[in-house]
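Report on one structure; see the data block that follows.
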Amino acid sequence: LLIIVLVVVLGVTLNQERGQFESIFISRCEKFKEYDCQNVWSVFQEAYINKDPCKVPTEAYDPLIAAAPFKPACNRMMFWSKTKDVVHDFTEKTDCFITLEDTLLGSVLDGLTWCGKEGSSATFTTDCPGWTQCDNNPVRSFWNRASAGFADVACGDVTAMMNGSLITPFSPTSIFASIEVKRFNSSRVRNLKVVLVMQKNAVANCTNMSLKNLEEELDQGINYDCKEVPESQIKECSVHPEKPCGSCW
Ligand code: N1C
């Protein structure tokens, strides 16, 4: 009995020391069976621990990307800008596309905030710099680096969901425009297929100026097409996941 009590007390103590952020990281990671999550966690921490939270460059995450590399999924990769909810509602329910959030690193860090502090070995989840407060903050640098890595392995037909309720669906300051599109390589990517998600209050269509810019920015040799698709149609496909991939738009 004494031993059992000791084991339980020790277990609880260790768990508290693990911290809530680390617990979320590890438990989300463990859904991916092929990785050593303690190792991934320690490589991740190296990027920002004991650093000024405005001085974490994208390269700080190079070792993390090397430890959990992105695998190409030709014809199935889905990018997006300002359409996070409708995209993930669809990709979670159907088995047609892979987003960055379906990969180990994207899923482990989705929705989280973290930073370090000079002179501390702890991970903080409050009072971290905001997305635009300083460029080299730990969260922004992570998404910049991860998005670059994900776009680097894009191949075949690539799909991107954009928001037709915005005057500028292809916004130059978005990660999609500033990082991902620039890394699509015509030796790997054949087509970029834009799905413009149309809500009732849509203000943009496929003739939108910003989408013309997107088409022009693509590496020579990558074909481009754009399709306006009502949001209701995508949601309808999400509730009928048995329909074949490619039948939604
Ligand atoms: O700036 P965005 O969109 O164009 O970035 C989206 C683009 C996608 O194609 C993804 O591959 O970049 C990738 N990406 C994520 O996967 C991601 N998950 C969560 C970029 N950002 C991501 N986030 C958070 O969404 C991130 O913390 C930041 O706050 C937003 C950026 O989304 P956006 O502006 O709609």
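Any read-out appearing in this document is the output of simple, stated calculations on the displayed coordinates, not a laboratory observation. Since the model is a prediction, treat every value here as computed from it, not as a measurement. Heads up, the Cβs are rebuilt from the backbone with ideal geometry, glycines too, and the neighbour counts pull from every protein chain shown.
Please report the orientation-averaged projected area of the chain, defined via the convex hull of its C-alpha atoms, in nm².
16.4
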If amide H atoms are modeled at 1.01 Å from N in the peptide plane, then the residues at a separation of 5 or more from Ile98, or on another chain, having amide H under 5 Å from its own are Met77, Met78
Full extension between Thr173 and Thr207 adds, at 0.36 nm per residue less the Cα distance, a length in nm of 10.2 nm
Here the equivalent ellipsoid of region 200-249, derived from its Cα gyration tensor, has semi-axes (largest first, whole Å) of 26, 17, 6
For region 232-242, Karplus-derived ³J(HN,Hα) couplings (6.51, -1.76, 1.60; θ = phi - 60°; whole Hz; x for glycine and proline) come out as 4, 5, 5, 5, 4, 5, 5, 8, 10, x, 6
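Given a Förster radius of 45 Å and the C-beta distance between Glu46 and Lys227 as r, what FRET efficiency does 1/(1 + (r/R0)^6) yield to the nearest 0.05?
Calculated value: 0.60.
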Across Thr126, Thr113, Thr58, the residue with the highest GNM fluctuation in the chain (Cα network, 10 Å cutoff) is Thr126
Filtered hits (aspartates and glutamates, Cα-Cα < 13 Å from Lys212, offset >= 8 within chain) -> Asp225
Dividing the mean separation of Cα pairs under 8 Å (6+ apart) by the residue count of region 126-249 yields a relative contact order in percent of 25
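Give me the percent relative contact order of the chain, please, defined on Cα pairs under 8 angstrom at least 6 residues apart.
20 percent.
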Among Phe184, Cys237, Phe32, the residue whose Cα sits farthest towards the positive end of the charge dipole of the chain, when +1 is placed on the Cβ of each Lys and Arg and -1 on the Cβ of each Asp and Glu, is Cys237
Over 26 Å (Cα to Cα) among Lys182/Lys227; Lys33/Lys117; Lys82/Lys182; Lys55/Lys84 -> Lys33/Lys117; Lys55/Lys84
Once amide hydrogens are built 1.01 Å from N within the peptide plane, the residues lying 5 or more places from Cys226 or on another chain with amide H under 5 Å from its amide H are Val194
For region 156-173, in residue order, the Karplus 3J(HN,Hα) values (coefficients 6.51, -1.76, 1.60; θ = phi - 60°; whole Hz; Gly and Pro = x) are x, 7, 10, 10, 9, 9, 10, 9, x, 8, 10, 5, 10, x, 9, 8, x, 8
